[in-house]
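Structure, as structure tokens:
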Amino acid sequence: MILALFGVWTAGGLAAESAAVPTSVMPPRVAEGNRFSIMVEIEPVDAALVEVVEPEYPAALGRVGGVQVTTRDARSAELRSTQVRLDFQGNQAGRWIIDPLTIVTPQREYVTRPTLVEIALRNQPDQVPFDIEWRVHSDTVVEGQSVAVTLDMIRVTEVTFPDQISVQPPSGALFEEAPGVGEIESTRYGDIELFRVPVASYLLTPSASGALTLPPAEIAAFGLSRRAAALNLSVEPLPEGTGDTGAVGSFRFSSHIDHAEIGQDETVEVRMLLQGVGNLGFLQFPSVSAEGLVVSDSESSERFLSGPRGYVGARTQTIRLRPTAAGDFRISVAPFVWYDPESRTIHREAARTFPVRVVDRSEAVPVEPPQLPQLLSAEQIRRVSTLDLFRLPGTYLTTMPGLIMVTVVIYVRRRRRESIALFSVVLLLGAGMLIPAPDTEQLARVAEHYQQGEWAEAYEVSQQLLQQAADHPGLLYNAAVTAFAADHHARSVFLLRRALVMRPLFQQARETLAVVEDELGLNRQYALRRSVHPDAPLIASLILFYVLAVLVVIPAERRKAGYAISVIVALLCLGGALATFGYALYARQEPLAIVGPDAAELRRIPEQEAETWLTLPPGTAVHPLASRENHTLIRTGYGLDGWMLAEHLLQQE
């Protein structure tokens, strides 16, 4: 009983020694540059015995003077109190939170609640601005890890969506929108409730360790435009022993085969299933090796959503293997290794081996010939030929008759104006009449070798034809088809893409490229820029130029109210045609690069001893960004940047 009473007395004494007290702000809201006070009422005590421990104040608030402690006298002892007052100046508009003050007296210790201070704009006393800032929803960021990043409106009194958001993606990382990531948070300060509202959400996947900066962002809301400061992040490197998968997150991996016994004319499927949360969109499946079997094709599927810890869902990869002979063989799936950034541990799913028996179920199995694209005939090659008028100086000289017509029109009889215009059009069309035709004899040789299955010989003759006209889209297409048949897969992708650069609306080449890339399992290639051949907008520009010239030489008595409108419309159309012509030239000069003929390793830095980031198969289309010594900085279709040896790239010379 005595011990219980002592415990109650001790608890009551400790509670009496510390008390939470409210604060008051006078005035409740001030304009930028004005002063305000924070006051605290405590029990009456000698002012000389009061000690105030102040926190670190927001940089937007400036302390003025010292702490003022006064005791208010009153007739009734119950009304007497001691007041602690601190004066400030609001240097920057906004809503600011002052951390608790600690007031120490001989009797007890007082701790105030957090205090909200509202500083209005100098020229708009009723408007208190909000702030925005970047927020990373992860304590650490590891290279290759997909982490949620949100742009938050902070210290707002009502939930709303901005009128405008301007965000620039960072360099050195993949930055994808992730709708639904982030939650609204609220905190109450007295009668005022402040919200933190995520207005834009993304998933950030760094491609390398080191420093990474989220650029400044801007939003417009409540009639104000606010800017978020850049956020500097430190990206940790992946620890040693994580393997070649580049997997970061929490996963479950499984693999199996569909049949343990197949015939020589059948295939066996190896299906790998990966579930979990992390960088699902960018990791690599473990390699599959087999004895006595070769890969016939592969396909993959994915279904995942964005979440605070990355991509949530599943990915599958199915590899079909075809036997080369009868017998007992083994299929091996390499270990799947991933790094969990939350527990900072490396996990490993052990390698698996599947026995497969291949039996001879038929004495004679018909072998179907490979499905190869068809070559273009000589007539089809002629039809896809391009004039390339933009290369000929005479094309631009066709504007001279129009200029002369406008200049001398006042001295030339009216009936001769039509003759000058007709002469100009004839000169324009005559500029591209002489188009060099490919050697029909060599074209016939290519077709003969190709039909007889002599694909290496057909490819060699196609290469000889290309030496005569390196930019001919028809010859590029035939060379690509023969290269694919001769197992020069990377060269085939390069030539088809080159043909589409030379003739962007070459539909047969585009369809064949899709077939070839699908056959090689190249999904997520770097996209070709959509454009048109420069001749189309150039001819349109020349025609519009002569339309303007004709409008200029129309006799004054024919000019009516619609004349000015016609001139303006023609000028706008001419400007659009010239802009399209410039864009077509720009797209034509964009660098073209294909990985080949062997697989290439993508590294974080241009050093051959550096750790491999990704392995790119032959035929992968990439975009070269820069070069250093014998390395080239490239960007893949996933938006990831890295260095690889320049000798592993087929590039436009």
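Observations on the structure shown:
- The chain: angle of helix 535-553 to the longest principal axis, Cα-based, in degrees nearest 10: 90 degrees
- GLN68-GLU176 FRET efficiency (beta carbon distance; Förster radius 51 Å; 0.05 resolution): 0.40
- Relative to its Kirkwood radius, the Cα radius of gyration of segment 17-120 gives an Rg/Rh of 0.99.
- Added length on full extension, which subtracts the Cα-Cα distance from 0.36 nm per residue, ALA211 to CYS573: 125.6 nm
- The ASN523 and GLU56 beta-carbon pair, evaluated with R₀ = 45 Å, returns a calculated FRET efficiency of approximately 0.25.
- Leading residue at positive end of dipole, the chain (Cβ point charges), from ILE154, GLY249, GLY639: ILE154
- HN-Hα J in Hz across segment 327-341 - Karplus 6.51, -1.76, 1.60, θ = phi - 60°, x for Gly and Pro: x, 9, 10, 10, 10, 10, 10, 5, x, 9, 10, 9, 10, 9, x
- Helix 473-485 axis, angle to the chain major axis (alpha carbon atoms, nearest 10°): 80 degrees
- Calculated FRET value between HIS256 and VAL136, using beta carbons and R₀ = 60 Å, to 0.05: 0.95
- Relative protection proxy for 376-383, 138-145, from highest mean packing down: 138-145, 376-383 (other beta-carbon atoms within 10 angstrom).
- Segments 627-639, 566-578 sorted - mean Cβ within 10 Å per residue, highest first: 627-639, 566-578
- Per-residue Karplus couplings for segment 347-354, computed as 6.51 cos²θ - 1.76 cosθ + 1.60 with θ equal to phi - 60°, are listed in order as 10, 9, 9, 4, 5, 10, 10, 10 Hz, Gly and Pro entered as x.
- Secondary-structure-derived ellipticity at 222 nm for the chain, considering helices only, amounts to -8000 deg cm²/dmol, per-run term -39500 (n - 2.57) for DSSP H runs with n ≥ 4.
- Hz values of 3J(HN,Hα) by residue in segment 614-620 - Karplus curve (6.51, -1.76, 1.60), Gly and Pro given as x: 9, 10, 9, x, x, x, 5
- With eigenvalues of the C-alpha gyration tensor scaled by 5 and rooted, segment 247-359, Å: 31, 14, 9
- Paramagnetic label zone (point 7 Å from Cα along Cα-to-C-beta, GLU511; backbone N under 19 Å) in segment 374-392: 374-385
- Segment 131-236 - charge dipole about Cα centre, Lys and Arg +1 at Cβ, Asp and Glu -1, debye rounded to 20: 200 debye
- Segment LEU645-SER332, length gained on full extension (0.36 nm per residue, minus Cα span): 109.7 nm
- Neighbour-count order for TYR583, TYR339, fewest beta carbons within 10 angstrom listed first: TYR583, TYR339
- Amide hydrogen neighbours beyond the local backbone of LEU650, cut-off 5 Å, H modeled: ILE594, VAL595, GLY596
- Sorting HIS472, HIS256, HIS648 from the fewest to the most surrounding beta carbons within 10 angstrom yields HIS256, HIS648, HIS472.
- Applying 0.36 nm per residue to the separation of MET39 and LEU397 and subtracting their alpha-carbon distance, the gain on full extension is 120.4 nm.
- Residue (of ASN279, SER301, ILE331) at the positive-pole extreme of segment 257-375, dipole from beta-carbon charges: ASN279
- For HIS631, the residues whose modelled amide H falls within less than 5 Å of its own, excluding neighbours fewer than 5 places apart on the same chain, are ALA646.
- The charge dipole of the chain, taken about its Cα centre with unit charges on the Cβ of Lys, Arg, Asp and Glu (plus for the first two, minus for the last two), comes to roughly 3240 debye.
- Ordering of 232-244, 505-517 by packing is 505-517, 232-244, highest average first (other Cβ atoms within 10 Å, averaged per residue).
- Helix 399-408 and the longest principal axis of the Cα set of the chain meet at an angle near 80°.
- Taking label points 7 Å from Cα along the Cα-to-Cβ direction, ASP388 and HIS347 give a separation of 5.7 nm.
- Residues whose amide H falls under 5 Å from that of GLY637, counting only those 5 or more places apart or on a different chain, are TYR526, with hydrogens built in the peptide plane.
- Relative exposure of ILE565, ILE132, ILE605, judged by other C-beta atoms within 10 Å (fewest first): ILE565, ILE605, ILE132
Each reported figure results from applying straightforward, stated rules to the coordinates on display, with no laboratory input. These numbers were taken from a predicted model, which means no experiment stands behind them. Cβ sites come from the backbone with ideal geometry, for glycine too, and all protein chains shown count toward neighbours.
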